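The values are calculated or read from the model by the stated rules, or taken from the named source; none is laboratory data. Just so we're clear, the structure is a prediction, and the values are computed from it rather than from any experiment. Neighbour counts are summed over all protein chains in view; Cβ atoms, including those assigned to glycine, are modelled from backbone coordinates with ideal geometry. Heads up: the accessible areas ignore ligands, DNA and RNA and are worked out on the full protein's heavy atoms, side chains in. Shrake-Rupley method; radii C 1.70, N 1.55, O 1.52, S 1.80 Å.
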Amino acid sequence: MGTGPRKMVGRRKHRPPASGEGRRPLHLPRLWQGIGWLMVAVVVWLSLTPEPPQPPTPLLAWDKAQHALAYASLTYWFRQAFLPRWRWPLFLLFLGIGLEFLQGLSNVRTFDPVDMVANGIGVCLGLALSRTPLGRLLAKIDALVGGKG
């Protein structure tokens, strides 16, 4: 009856990306999001397995570099595969903290608060990287694979 905007009850209105993001929707979001969750599963497994595989290069033999690289990669990927909301970096921070506590509860791994700091540094690095031109890399790959290049 009225001429004003209609209220949406019970449904969330789709919001475009935040201004300044300049993001186009991905053609294959489920694929990229699935790969992100697979990456999370690998990090969980590597964090909780009694004897994780050793890195192929001595450069990554330093435990803190492994933590920072893992969480930087996760954050970088999640910021591209999902809408860039703060829930993903917070989720990854809490994941790193939770996994560290789980390691402390096990008999074979140890709790190390410095690992939590390395995870947090990784999240910050991933956020910073996602704000550079490299932060649009997944969209470019998606356009090529999705056939809308």
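So in segment 84-116, with the set limited to residues that are closer than 18 Å to Gln33 by Cα and of a type in the set (Phe, Trp, Tyr), which one is farthest from the chain's Cα centre (by Cα)?
Only one residue fits best here, namely Trp86.
Which of the residues belonging to segment 76-87 are surrounded by 15 or more Cβ atoms within 10 Å (Cβ to Cβ), part of a helix (DSSP H, G or I) and not aromatic (Phe, Trp, Tyr)? Before the answer, list the steps.
Going through segment 76-87, the residues surrounded by 15 or more Cβ atoms within 10 Å (Cβ to Cβ) turn out to be 76-84.
With part of a helix (DSSP H, G or I) added as a condition, the list becomes 76-81.
If the condition is that a residue be surrounded by 15 or more Cβ atoms within 10 Å (Cβ to Cβ), part of a helix (DSSP H, G or I) and not aromatic (Phe, Trp, Tyr), then Arg79, Gln80, Ala81 are the ones that fit.
Can you pull out the residues in segment 104-116 that are free of Cβ contacts under 8 Å to residues at least 60 places away in the same chain and surrounded by 15 or more Cβ atoms within 10 Å (Cβ to Cβ)?
Filtering segment 104-116 down to residues free of Cβ contacts under 8 Å to residues at least 60 places away in the same chain leaves 104-108, 110-116.
Across segment 104-116, the qualifying residues are Asp112, Asp115, Met116.
Residue check, Pro56 against (1) part of a helix (DSSP H, G or I); (2) open to solvent by 40 Å² or more (accessible area, probe 1.4 Å), all met but one. Which one?
The one condition Pro56 does not meet is (1).
Go through segment 117-149 and report how many residues are aliphatic (A, V, I, L, M), over 16 Å from the mean Cα position of the chain (by Cα) and open to solvent by 40 Å² or more (accessible area, probe 1.4 Å).
Step one: list which residues in segment 117-149 are aliphatic (A, V, I, L, M), which gives 117-118, 121, 123, 125, 127-129, 134, 137-139, 141, 143-145.
Subsequent filtering for residues that are over 16 Å from the mean Cα position of the chain (by Cα) retains 117, 141, 143-145.
If we keep only those that are open to solvent by 40 Å² or more (accessible area, probe 1.4 Å) too, we end up with 117, 141, 144-145.
Qualifying residue count, segment 117-149: 4.
Check off (1) open to solvent by less than 70 Å² (accessible area, probe 1.4 Å); (2) over 19 Å from Met116 (Cβ atoms) for Glu51 and give me the number that stays unchecked.
Result: Glu51 passes all but (1).
If we scan segment 40-51, do we find a residue that is modelled with pLDDT under 80 and not polar (S, T, N, Q)? Break it down stepwise before answering.
Let us first name the residues in segment 40-51 that are modelled with pLDDT under 80, namely none.
No, segment 40-51 has no match at all.
Among the residues of segment 88-103, are any outside any helix (DSSP H, G or I) and open to solvent by 60 Å² or more (accessible area, probe 1.4 Å)?
So the first thing to find is which residues in segment 88-103 are outside any helix (DSSP H, G or I), and the list is none.
No.
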